[in-house]
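Q: To start, I am sharing the structure in question, which I have written as structure tokens.
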Number of protein chains: 2
Amino acid sequence: MSAIILRTARDGDLQGIVRLLADDPLGRDRERYAVPLPDGYGQAFAAIAASPNDTLLVAVQRARTGEKVVGVLQLTVIPSLTYQGRPRAQIEGVRVATEQRNAGLGARMFRWAITRAKKAGCHMVQLTTDKRRPDAHRFYEKLGFAPSHEGMKLRLD
Amino acid sequence: MSAIILRTARDGDLQGIVRLLADDPLGRDRERYAVPLPDGYGQAFAAIAASPNDTLLVAVQRARTGEKVVGVLQLTVIPSLTYQGRPRAQIEGVRVATEQRNAGLGARMFRWAITRAKKAGCHMVQLTTDKRRPDAHRFYEKLGFAPSHEGMKLRLD
């Protein structure tokens, strides 16, 4: 097994990130992995890089042939008036490569994100998870997340 | 009845916003409304104003004696790789003054936020709502929100 390291994403990771987002039961219908990538991905990557409140974390596996993206998550620090003006952290777009599941990588990525959220003064980390992903719920509950809220979505398209 | 207008928040609104956040069954324990306000609120207000992705909406009632904040909501545009790189909008910190409930003000505030989210290219507006607020769920469902996700929270304090 080669080492997996966690770091913030670089331009060269985008192709691997989108491949990972598309290789998912729900992502399959939503994403479009092609070479070259549809323009929207590059624009979003640049917008995330330009936002001081957003961080894109990748887990990359190092092999002799190069690096492979095997995990991704996005951390957003939301400045907030509630709770006496303390920011909250939100996590979106979590994916772990199929072959890396149940090996502790997701928990490692979350520890990284939680540490970063604490450093930013956040009192809370929050996320929503599709009710069709029961495995994900169990994973988050093991990390200490409580399903105290309804996650409500309004599609605009 | 005096006219209620919607606009982005200004410095002079902060006192009224915090009064509103504190006048709420759940907010009562979390907030601290005092004159002068605890420093955290001013710092958060400045952070929101400085963030190009965040907008604080207020509903103010105009009377001869001045303006009164009767509604507040925060809209965050989150740049995102998922859904082929389209941003999503998030709404937090929604409060409507008790005396203005069930009079359509909340729906007006949401229409304002949804219009703004569309202009920013968002494909979705999302929020989480405490499971102890059943009235809020009904309100969001009437606006078209679907409770498709679990809203999970991890407290860091």
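Q: I'd like the full set of residues that are closer than 17 Å to B:LEU56 by Cα and either over 13 Å from the mean Cα position of the chain (by Cα) or open to solvent by less than 20 Å² (accessible area, probe 1.4 Å) (or both), limited to the range B:93-106. Don't jump to the end; show me each part of the working.
A: So the first thing to find is which residues in the range B:93-106 are closer than 17 Å to B:LEU56 by Cα, and the list is B:93-97, B:105-106.
Scanning the range B:93-106 gives B:ALA97, B:LEU105, B:GLY106.
Q: Quick test of your reading of the structure: B:GLY106 fulfils all but one of (1) facing chain A (nearest Cβ under 10 Å); (2) in contact (Cβ under 8 Å) with a residue 24 or more places away in the chain. Name the failing condition by number.
A: (1)
Q: If I ask for residues that are free of Cβ contacts under 8 Å to residues at least 12 places away in the same chain and either buried (at least 17 other Cβ atoms within 10 Å of the Cβ) or of a type outside the set (Val, Ile, Thr) (or both), which ones from the range A:52-67 would you list?
A: Within the range A:52-67, A:PRO52, A:ARG64, A:GLY66 meet the criteria.
Q: I would also like to ask the following. Filtering the range A:109-135 down to residues that are open to solvent by 20 Å² or more (accessible area, probe 1.4 Å) and within 22 Å of A:ALA22 (Cα to Cα), which residue is nearest to the other protein chains (Cβ to nearest Cβ)?
A: Looking only at the range A:109-135, we keep the residues that are open to solvent by 20 Å² or more (accessible area, probe 1.4 Å), and these are A:111-112, A:114-116, A:118-121, A:128, A:131-135.
If we keep only those that are within 22 Å of A:ALA22 (Cα to Cα) as well, we get A:128, A:131-135.
Working: A:THR128: 4, A:LYS131: 6, A:ARG132: 8, A:ARG133: 9, A:PRO134: 10, A:ASP135: 13 Å.
It comes out as A:THR128.
Q: Just give me the residues in the range B:136-157 being within 14 Å of A:LYS153 (Cβ to Cβ), charged (D, E, K, R) and open to solvent by 40 Å² or more (accessible area, probe 1.4 Å), in sequence order.
A: Result: B:GLU141, single match.
This table checks each residue for (1) touching a Gly at 6+ places or on another chain (Cβ under 6 Å); (2) modelled with pLDDT of 95 or more.
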residue: A:THR82; (1), (2): yes, yes
residue: A:GLY85; (1), (2): yes, yes
residue: A:GLN90; (1), (2): no, yes
residue: A:VAL125; (1), (2): no, yes
residue: A:ASP135; (1), (2): no, no
residue: A:SER148; (1), (2): no, yes
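Q: Can you pull out the residues in the range B:20-41 that are in a helix (DSSP H, G or I), among the small types (Gly, Ala, Ser) and farther than 21 Å from A:ALA89 by Cβ?
A: B:ALA22
Q: Here's a check for you: in the range B:40-49, which residue that is at the interface with chain A (Cβ under 8 Å from one of its Cβ atoms) and more than 17 Å from B:ALA117 (Cβ to Cβ) is most open to solvent (accessible area, probe 1.4 Å)?
A: Just the residues of the range B:40-49 that are at the interface with chain A (Cβ under 8 Å from one of its Cβ atoms), to begin with: B:40-45, B:47-48.
Now narrow it down to the ones that are more than 17 Å from B:ALA117 (Cβ to Cβ): B:40-45, B:47.
Values: B:GLY40: 20, B:TYR41: 0, B:GLY42: 36, B:GLN43: 124, B:ALA44: 4, B:PHE45: 20, B:ALA47: 44 Å².
It comes out as B:GLN43.
Q: Taking the range A:82-92 on its own, how many of its residues are out of contact with any Lys or Arg (no Cβ under 7 Å at 6 or more places or on another chain) and either open to solvent by less than 10 Å² (accessible area, probe 1.4 Å) or more than 23 Å from B:PRO79 (Cβ to Cβ) (or both)?
A: So the answer is 4.
Q: Since A:ARG10 meets every condition but one in (1) more than 8 Å from chain B (Cβ to nearest Cβ); (2) open to solvent by 60 Å² or more (accessible area, probe 1.4 Å); (3) closer than 22 Å to B:ASP54 by Cβ, which condition does it not meet?
A: For A:ARG10, the exception is condition (3).
Q: Taking the range A:55-78 on its own, how many of its residues are over 21 Å from A:ALA22 (Cβ atoms) and at pLDDT 95 or above?
A: 5
Q: Let me ask something else about it. Residues A:LEU75, A:LEU57: which one is more than 30 Å from B:ARG111 (Cα to Cα) and more than 7 Å from chain B (Cβ to nearest Cβ)?
A: From the options A:LEU75, A:LEU57, the qualifying one is A:LEU57.
The values are calculated or read from the model by the stated rules, or taken from the named source; none is laboratory data. The structure presented is a predicted model; accordingly, all values stated were derived computationally and were not measured. Heads up, the Cβs are rebuilt from the backbone with ideal geometry, glycines too, and the neighbour counts pull from every protein chain shown. These area figures cover heavy atoms from the full protein model, side chains too; ligands, DNA and RNA do not enter into them. Shrake-Rupley method; radii C 1.70, N 1.55, O 1.52, S 1.80 Å.
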